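Visitor: There's a structure below that I have some questions on.
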Amino acid sequence: MRNRVIPIIVSVLLLGGCWDTRNIDQTVYVHSIGVDYKDGKVIAYIQLISFTALAKVEAGGGKDKATVSIGKASGDTFNIATDMIYRSIQQRVSWGHVKSIVFTKRALQKGLVADVIDVLNRYNEIRHTAWVYATDEPLSDLYAATPLLNTSSYYSVLSNPEEIFQQSSFIRPIRLNRLVATMDEKAATARIPYLTIDGDRWTENNKPKPMLAVSGVCFIHDYALQGCERRSDLQGLRWFEQKIRRTPIYIKQNGETVATLVVQKPKTKWSFKTKGGKPAVDIQVEAQGAIIETRKHLPRKQLTKLAEQTVKQEINHLYKLSIERRIDMFNLSEQLYRQRPNLWKKHENHGLIPLDNDTLSVNVKLIISASGREKLNYHGGD
């Protein structure tokens with residue numbers, strides 16, 4: 001009898017660890033946190049998604065219609081605002097699956113980044129691998145913009161930006177831990193992707209379908225917003241991002257697009273010197289790419305020269321914009337600090353070196369290594 005009782009008691013004790021577990025549908029999961037500021041109040045938003053429907057799809061079941069719930073509350077601080085959300089949510093909240101944090105431009109201008117990070121650092125559920133974005137859109141509209149084909153927001157750009165970046169590299173996404181590390185560097189300027197709602201490119205069931213789009217960058221130095229710039233003015237930025245996988249160049253001649261070249265894994269080298277008693281930098285961009293489209297048949301050498309000119313023009317345009325806005329968009333100060341700290345220390349002002357028209361020199365070396373099935377020299381010569 002005793003031999004029979006002991007296994008039963010042991011089984012009951014082992015099962016005891018499961019008595020306080022909760023089903024997935026008994027908890028609500030915060031997918032994204034939004035931070036806004038208006039009329040002296042911090043406004044916190046949360047976007048909730050259903051993992052139950054997500055599990056059905058991944059298990060091979062039918063796809064339920066994507067559902068998004070958005071919570072909103074305000075308070076004197078970010079922590080007070082989030083506490084207000086608990087009053088009406090009616091279910092236990094899990095913060096352990098937060099995939100992104102979105103700051104409005106007003107919140108960045110008010111300097112709320114430091115306050116929010118302070119709260120998140122003290123809360124053990126939040127992971128510091130969340131993606132960080134900026135926006136000027138109403139956060140309720142931004143969170144309501146779900147992906148195509150009734151797909152869960154779990155697969156939106158808010159939580160999966162890397163796949164898009166690998167396919168078309170331009171504005172690199174940034175995680176919270178990387179943002180904090182960059183802002184803590186005195187010489188560095190952090191770059192936060194800027195989100196907008198694009199309502200013109202897509203329709204679903206013959207109705208306009210608003211979609212999220214990365215349309216620019218907001219620059220932050222020492223936790224303070226320096227400014228935000230639109231994507232069209234930042235073409236030169238991609239040549240200074242790390243691990244660029246694939247990015248297109250639209251080659252123009254006399255203002256007309258004559259070819260498209262896709263560049264893979266470009267490399268940029270920095271070389272600093274002193275010119276007129278001030279720091280100066282020589283930048284060498286090396287890249288190779290493949291012709292994807294030709295509208296005007298030109299020799300390989302001419303296409304290569306035009307492509308090199310395009311890259312150089314993009315970099316020079318961005319540098320002029322950096323001088324006008326007084327923003328170190330290239331992170332020249334950080335590069336100087338890494339390579340020649342004594343020179344940086346001599347000329348830095350609040351961690352940044354002054355930029356002028358004589359600071360930058362650009363050289364581009366580009367090789368067209370492939371042209372697809374159509375031989376490049378078939379029409380235009382080589």
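Visitor: If packing is taken as the average number of other Cβ atoms within 10 Å across a peptide's residues, how do 348-356, 133-141 rank, most packed first?
Guide: 133-141, 348-356
Visitor: OK, next. What angle, in degrees between 0 and 90 and rounded to the nearest 10, separates the Cα long axis of helix 300-325 from the longest principal axis of the Cα atoms of the chain?
Guide: Relative to the chain, helix 300-325 is tipped by roughly 70 degrees.
Visitor: Expressed as a whole percentage, what fraction of the accessible surface of segment 189-314 belongs to carbon and sulfur atoms when a 1.4 Å probe is rolled over the protein heavy atoms? Can you show the working numbers first?
Guide: Values: 2900 of 6750 Å².
Answer for segment 189-314 is 43 percent, counting heavy atoms of protein chains only.
Visitor: Compute the angle between helix 112-122 and the longest alpha-carbon principal axis of the chain, please, reported from 0 to 90 degrees and rounded to the nearest 10.
Guide: It works out to around 50 degrees.
Visitor: Continuing with this model, one more query. Accessible area per residue of the chain at 1.4 Å probe, in Å²? Can you show the working numbers first?
Guide: Working: 21470 Å² over 382 residues.
Accessible area per residue: 56 Å².
Visitor: So, taking all protein chains as they sit and a 1.4 Å probe, how much accessible area belongs to E204, in Å² rounded to tens?
Guide: 50 Å²
Visitor: Cα atoms only, segment 239-382: Rg and Dmax in Å?
Guide: Every Cα atom of segment 239-382 included, Rg and Dmax give 17.7, 56 Å.
Visitor: Starting from the Cα of K301, draw a straight line to each of the lysines and keep only those under 30 Å, dropping any in the same chain fewer than 8 residues away.
Guide: By straight Cα distance, K301 reaches K243, K252, K265, K267, K269, K312, K320, K365, K375.
Visitor: Keeping all protein chains in place and using 1.4 angstrom, which order do S69, S333 fall into by accessible surface area, from largest down?
Guide: Most to least solvent-accessible, the answer reads S69, S333.
Visitor: Please express the Cα-Cα pair-distance distribution P(r) of the chain as a list of whole percents, one per 10 Å bin, running from 0 to the bin with the greatest distance.
Guide: Bins of 10 Å from zero give 4, 19, 25, 22, 16, 8, 3, 2, 1, 0 percent of pairs.
Visitor: Between beta-carbons, use under 13 Å as the cut-off and find the net charge around Q235, counting Lys and Arg +1, Asp and Glu -1. Can you show the working numbers first?
Guide: Working: positive: R230, R231, R238, K252, K312, K320; negative: E229, D233, E241, E314.
Charge balance in the 13 Å sphere: +2.
Visitor: Let me ask something else. Among 214-226, 37-49, what's the highest-first ranking by average C-beta atoms within 10 angstrom per residue?
Guide: 214-226, 37-49
Visitor: For segment 218-324, place one equal point scatterer on every Cα, skip the solvent, and apply the Debye formula. What is log10 of I(q)/I(0) at q = 0.13, 0.21 Å⁻¹?
Guide: -0.59, -1.23
Visitor: Round to a whole angstrom and tell me the spacing of the C-alpha centers of segment 214-291 and segment 332-372.
Guide: When both Cα centres are located, 12 Å separates them.
Visitor: If you build the convex hull over the alpha carbons only and average its shadow over all orientations, what do you get for segment 146-197? Give it in nm² to one decimal. Present the calculation step by step, with values, prior to reporting the outcome.
Guide: Working: hull surface 18.0 nm².
So the mean shadow area of the Cα hull is 4.5 nm².
Visitor: So how tilted is helix 78-89 from the main axis of the chain? Cα-based, degrees 0 to 90, rounded to 10.
Guide: Long axis of 78-89 versus the principal axis of the chain: about 50 degrees.
Visitor: With the calculation restricted to Cα positions, what are the radius of gyration and Dmax of segment 204-252 in angstrom?
Guide: In order Rg, Dmax, the Cα atoms of segment 204-252 give 15.4, 46 Å.
Visitor: Using all alpha carbons of segment 292-362, what is the percent of pairwise distances in each 10 Å bin, ordered from the shortest bin to the longest?
Guide: Per 10 Å bin, starting at zero, the Cα-Cα P(r) for segment 292-362 comes out as 17, 37, 22, 17, 7, 0 percent.
Visitor: I'd like the Kirkwood hydrodynamic radius of segment 265-306, using the inverse of the mean 1/r over distinct C-alpha pairs, in Å. Please report the intermediate quantities before stating the final value.
Guide: Values: mean 1/r = 0.0749 Å⁻¹.
Taking every pair of different Cα atoms in segment 265-306, averaging 1/r and inverting gives 13.4 Å.
The values are calculated or read from the model by the stated rules, or taken from the named source; none is laboratory data. All of these numbers come straight from a predicted model, not from anything done at the bench. When we count neighbours, we look across all protein chains shown, and the Cβ atoms used for this are built from the backbone with ideal geometry, even at glycine. Just the protein is used for accessible areas: all its heavy atoms, side chains included, with ligands, DNA and RNA removed. Shrake-Rupley method; radii C 1.70, N 1.55, O 1.52, S 1.80 Å.
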